[in-house]
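Inspection log for the structure reproduced underneath, given as structure tokens.
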Amino acid sequence: MRYLVVGSAIIVVLIVAVVIVGYTLPVKHRAIRSAVIHASQAQLAAMIGDVGHYAEWRNGVKRVELISTNDTSRRYGEQSSDGTIEYVMDTAGSPSRIVTTISGGVRAFGGRWTYDLAPRGETTALQITEDGEVYNPLFRFIARFIIGQTATIDRYFSDLQRRIAAQS
């Protein structure tokens, strides 16, 4: 019985410590990653902008519902294990810049990704800048110290490279 009480107390203290550290972390963060992709700028911009096919190549994306579209933007819902998150993609700067912003469906975090595409001969240098916000202090701790703030960008690059290789 004594071990159970001590063990429970240790767990409670750890949880409280994690939450306190989470509160000390800033809500907003910026994460930047770059990679050279073996595709032309136009091909890469088209692939990034083709949200309807994300479920075919993006790890964790189960389904995408296109809500509205016009010449310079798309509003869509992306269903994953996190639930459905709504985004607005601004393609007015395409093929050199695309911006995707979370517009709804999630309360724990928010923000945007800016894709900067620079041609490099037959390849393209792609830089993704995440300007994120994590509202829950527990999630801030997990994002910063366990998952890492660039994990989603890194997974995106991996999925993108695999998709390009499959099309070659």
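What is the one condition in (1) buried (at least 16 other Cβ atoms within 10 Å of the Cβ); (2) over 21 Å from Ile48 (Cβ atoms); (3) of a type outside the set (S, T, N, Q) that Glu133 does not satisfy?
So Glu133 meets the others, but not (1).
Identify the single condition in (1) surrounded by 15 or more Cβ atoms within 10 Å (Cβ to Cβ); (2) over 15 Å from the mean Cα position of the chain (by Cα); (3) modelled with pLDDT under 95 that Asn70 does not satisfy, given that it satisfies every other one.
(1)
Quick check on the stretch 12-39: of everything there that is in a loop (DSSP other than H, G, I, E, B) and open to solvent by less than 40 Å² (accessible area, probe 1.4 Å), which residue is farthest from Ile164 (Cα to Cα)?
Ranking the qualifying residues of the stretch 12-39, first place goes to Leu25.
Suppose we filter Arg144, Arg155 for residues that are touching a helix residue (DSSP H, G or I) at 6+ places or on another chain (Cβ under 9 Å), in a helix (DSSP H, G or I) and open to solvent by 20 Å² or more (accessible area, probe 1.4 Å); which single one remains?
Arg144
Considering only residues that are under 21 Å from the mean Cα position of the chain (by Cα) and farther than 17 Å from Ser158 by Cα, which ones fall in the stretch 1-40?
Hits for the stretch 1-40 are Gly22, Leu25, Pro26, Val27, Lys28, His29, Arg30.
I need the full set of residues from the stretch 121-130 which are assigned to a strand (DSSP E or B), open to solvent by 20 Å² or more (accessible area, probe 1.4 Å) and either modelled with pLDDT under 95 or among the polar types (S, T, N, Q) (or both), in order please.
Scanning the stretch 121-130 gives Thr123, Gln127.
What are the residues in the stretch 1-54 that are more than 19 Å from Ser96 (Cβ to Cβ) and in contact with an Asp or Glu (Cβ under 7 Å, 6 or more places away or on another chain), if any?
Answer for the stretch 1-54, where residues must be more than 19 Å from Ser96 (Cβ to Cβ) and in contact with an Asp or Glu (Cβ under 7 Å, 6 or more places away or on another chain): Val27, Lys28, Arg30, Ala31, Tyr54.
Please work out which residue is nearest to Tyr76 (Cα to Cα), limiting yourself to the stretch 97-113 and to residues that are part of a loop (DSSP other than H, G, I, E, B) and open to solvent by 60 Å² or more (accessible area, probe 1.4 Å).
Among residues in the stretch 97-113 that are part of a loop (DSSP other than H, G, I, E, B) and open to solvent by 60 Å² or more (accessible area, probe 1.4 Å), the one nearest to Tyr76 (Cα to Cα) is Gly105.
Does Ala46 satisfy the condition of being of a type outside the set (S, T, N, Q), surrounded by fewer than 15 Cβ atoms within 10 Å (Cβ to Cβ) and assigned to a loop (DSSP other than H, G, I, E, B)?
Here the answer is no, as Ala46 does not meet what is asked.
Tell me the residue from Asp90, Asp116, Asp82 that is surrounded by 11 or more Cβ atoms within 10 Å (Cβ to Cβ), of a type outside the set (Val, Ile, Thr) and within 24 Å of Ala165 (Cβ to Cβ), please.
Asp116
The values are calculated or read from the model by the stated rules, or taken from the named source; none is laboratory data. Owing to the predicted nature of the structure, the values given are computational and were not obtained by experimental measurement. Neighbour counts are summed over all protein chains in view; Cβ atoms, including those assigned to glycine, are modelled from backbone coordinates with ideal geometry. Each accessible area value is taken on the protein alone, full model and side chains, heavy atoms only, with ligands, DNA and RNA left out. Shrake-Rupley method; radii C 1.70, N 1.55, O 1.52, S 1.80 Å.
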